[in-house]
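Just so you know, all these numbers are worked out from the coordinates, no wet-lab data involved. Worth saying up front: this structure is predicted, and the values here are computed from it rather than measured. All Cβ positions, even for glycine, are placed from backbone atoms using ideal geometry, and neighbour counts span all protein chains on display.
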Ligand code: DCP
Ligand code: MG
Ligand code: MG
């Protein structure tokens, strides 16, 4: 039988911070922008479960979090560190997967295939995965198990934090039926409001709706939601360990707005990217530059070019994007150069797992 698992790390950014600051473990902790005693702008990226008890949530203004719990621990963002931990976790998970699809910095779908071919086997297998992640990365995760991606995701939400939850195919509808609409994958605030306006309040009611009516109100998305409400999802776990992009980034010793210093960095990064591209025997069609400013806002600019494998093409495009689009009023904390949309060059094979 087909078993699908979704592994999602618990309170990921804060859990990463706990590794190097064990003293925050027992304290409500928030990672995000500086609250500046309630006057700070920007949002909460995430918080641990202790902080959630006070009503703090991802995405809420940091000032609102501060009002709820001024004496929580507030930590700044360190994307480099979270990216490294993420890469480490993904490598661990891949070992356990026959099919694997990373869907965000902290979550991935996996099909164990013949390694766990039944519900009981899958439960035992998930426990093994969870244990390996914990032992090797030091981080907690939760795992949802079911027979498709949608239900694995829904099960994982239910398992959180630090749990494993299995939803058998025959139990999927009952499991979903009780949930309020916006807990169903795919339903955000707007869709919920539309559905409520036509009289639906729970996923169970939506499951019994006439799909034609939903088609009328929401187009083909309505049909999809009707399937979701019934626990149906035919999408595949898409293997994505083929190289999709190759990039390098550099954090400046000090935040800078000196053009020459940035261009030097772009030249150096482009050369490194080019070496990697050559090794893989690829040609690229898109060059992207990433600019992260000292206030942690981030700017990505891409340009499509004719397929190329030339170093100069990377440098020229990246430098031009920087000159055109960098915000002159801000200092850069970090710059990155990335190429993507590969076509094969000289018929060499595509290697997996290029350095991030
Ligand atoms: N994140 C973000 N902005 C958001 C939501 C999340 O930057 N609006 C970041 C911070 C999270 C990470 O992505 O740590 C993973 O997001 P999750 O939704 O998986 O949330 P957490 O892992 O933090 O908590 P949970 O235990 O609920 O999964
Ligand atoms: Mg998570
Ligand atoms: Mg997640």
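What number of residues in region 93-112 are away from ligand 3 (no atom under 16 Å from the Cβ), assigned to a helix (DSSP H, G or I) and touching a residue at least 40 places away in the same chain (Cβ under 8 Å)?
Initial filter on region 93-112 (away from ligand 3 (no atom under 16 Å from the Cβ)): 94-99, 111-112.
Right, trim to assigned to a helix (DSSP H, G or I) and you get 94-95.
Now restrict to residues that are touching a residue at least 40 places away in the same chain (Cβ under 8 Å): 94.
Counting residues in region 93-112 that are away from ligand 3 (no atom under 16 Å from the Cβ), assigned to a helix (DSSP H, G or I) and touching a residue at least 40 places away in the same chain (Cβ under 8 Å) gives 1.
Just name the residue that is nearest to ligand 2 (Cβ to nearest atom) out of those in region 1-26 that are part of a loop (DSSP other than H, G, I, E, B) and buried (at least 21 other Cβ atoms within 10 Å of the Cβ). Talk me through it step by step, then tell me what you get.
Step one: filter region 1-26 for residues part of a loop (DSSP other than H, G, I, E, B), giving 1-3, 10-11, 21, 25-26.
Narrowing the set further to residues that are buried (at least 21 other Cβ atoms within 10 Å of the Cβ) leaves 3, 11.
Working: 3: 21, 11: 7 Å.
Filtering first and then ranking leaves 11.
Please count how many residues of region 233-271 are crowded, with 18+ Cβ neighbours inside 10 Å and part of a helix (DSSP H, G or I).
The number of residues fulfilling the criteria is 5.
State all residues of region 90-105 that are in contact with a helix residue (DSSP H, G or I) (Cβ under 6 Å, 6 or more places away or on another chain), under 17 Å from residue 149 (Cβ atoms) and within 16 Å of ligand 2 (Cβ to nearest atom); if no residue qualifies, say none.
If the condition is that a residue be in contact with a helix residue (DSSP H, G or I) (Cβ under 6 Å, 6 or more places away or on another chain), under 17 Å from residue 149 (Cβ atoms) and within 16 Å of ligand 2 (Cβ to nearest atom), then 102 is the only one that fits.
Looking at region 43-70, which of its residues are in contact (Cβ under 8 Å) with a residue 24 or more places away in the chain, more than 27 Å from residue 163 (Cβ to Cβ) and either surrounded by fewer than 20 Cβ atoms within 10 Å (Cβ to Cβ) or out of contact with any helix residue (DSSP H, G or I) (no Cβ under 7 Å at 6 or more places or on another chain) (or both)?
62, 63, 67, 70
Within region 23-37, is even one residue free of Cβ contacts under 8 Å to residues at least 24 places away in the same chain, farther than 29 Å from residue 185 by Cα and touching a helix residue (DSSP H, G or I) at 6+ places or on another chain (Cβ under 7 Å)?
yes
Inside region 75-98, can you point out the residues that are buried (at least 16 other Cβ atoms within 10 Å of the Cβ) and away from ligand 1 (no atom under 16 Å from the Cβ)?
92, 96, 97
Residues are listed down the side, and each one gets a yes or a no for (1) under 28 Å from residue 15 (Cα atoms); (2) away from ligand 1 (no atom under 16 Å from the Cβ); (3) free of Cβ contacts under 8 Å to residues at least 12 places away in the same chain:
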position: 114; (1), (2), (3): no, yes, no
position: 118; (1), (2), (3): no, yes, no
position: 147; (1), (2), (3): no, yes, no
position: 151; (1), (2), (3): yes, yes, no
position: 154; (1), (2), (3): yes, no, no
position: 168; (1), (2), (3): no, yes, no
position: 175; (1), (2), (3): no, yes, no
